[in-house]
Amino acid sequence: MSVDELDTRILRLLLEQPRTSVREYARILGVARGTLQARLDRLEREGVITGTGPSLSPAALGHPVLAFVHIEVTQGHLDDVGDALAAVPEIVEAFSITGGGDLLTRVVARDNAQLEDVIQKLISLPGVVRTRTEVALRERVPYRLLPLVESMGRAARKPGKDL
C-alpha cells in the first residue's frame, strides 16, 4: 500500500498523540472529520493501522530482562512448537526465520533465574532440538515506525510520482 502526504500526517499524529480524539486530529490537520475518518478506516482496512491499545513496558511490569532465544526445531514440528510457544507467557513475540535456527523469540523475565527457567521449559518442548540465547544489555533504538512513515511521505511528495 502506498501512503500520500495526508496519510503520513495522520500516521504521525497517531504515533505522537495517540490519545487525541478524531475531531481534534481533523482540526489539527485542517481537514473535515469525515475525510479523516474515511482515511483512518481505509488505513485500518488495509492493515496499516493494526491496533489502538496502549504500549506496555515489560520492565515497568517487573520483567526488565530481555532476551532473544533462537530455537532449532525437528523437521516437521515447526507448527507444533510454534503453538506451544503461545502457552509461555514470558514469550512476547515469536517469528519463523531463516539462518541459524527455525524460530526467534523475544522473551522477558523478572531476572536471570526466571530466564533460565523459561529456556529450560523451551528445551523440554517436544520437537525442540536446541536453543541459543542472547541477552539484551540496553535498548539502542526503540521500536519505531515514524521514520519509515516520514520517508514514505517524502517519497510520495517527489515530483513525477503518481499519487
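The values are calculated or read from the model by the stated rules, or taken from the named source; none is laboratory data. Because the structure is a prediction, the values reported are computed rather than measured. Virtual Cβ from ideal backbone geometry, glycine too; neighbours counted across all protein chains shown. Ligands, DNA and RNA are stripped out before the accessible areas are found, and what is left, the full protein with its side chains, is counted by its heavy atoms. Shrake-Rupley method; radii C 1.70, N 1.55, O 1.52, S 1.80 Å.
Packing-wise, with mean Cβ within 10 Å as the measure, how do 147-154, 57-64, 46-53 rank, highest first?
Details: 147-154: 13.9, 57-64: 12.4, 46-53: 10.0.
Put in order of decreasing packing, that is 147-154, 57-64, 46-53.
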Quiz item: Relative contact order, percent, of the chain when contacts are C-alpha pairs under 8 Å separated by at least 6 residues?
Solution: 29
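Express the carbon and sulfur contribution to the solvent-accessible surface of the chain as a percent, rounded to the nearest whole number, probe 1.4 angstrom. Don't jump to the answer; show the numbers that get you there.
Numbers: 5700 of 11050 Å².
Ligands and nucleic acids excluded, carbon and sulfur reach 52 percent.
Net charge near Ala26: determine it from the other residues with C-beta under 13 Å of the C-beta of Ala26, scoring Lys and Arg +1 and Asp and Glu -1. Don't skip to the answer; put the middle values down first.
Working: positive: Arg9, Arg23, Arg27, Arg33, Arg39; negative: Glu24.
In short, +4.
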Quiz item: Kyte-Doolittle mean at least -1.0 and Cα extent at least 15 Å along the axis: which DSSP H helices of the chain qualify?
Solution: 5-16, 112-123, 146-157
Quiz item: Expressed as a whole number of Å, what is the distance separating the alpha-carbon centroids of the stretch 99-124 and the stretch 24-79?
Solution: 24
Exercise. Only loop residues by DSSP count here, and only those with at most 11 other Cβ atoms within 10 Å; note down the trypsin sites (Lys or Arg not before Pro) in the stretch 27-67 that meet that.
Key: none
Quiz item: Per the helix-only calculation at 222 nm, which mean residue ellipticity applies to the chain, given -39500 (n - 2.57) for every DSSP H run of n ≥ 4 and division by its residues, nearest 500 deg cm²/dmol?
Solution: -12000 deg cm²/dmol
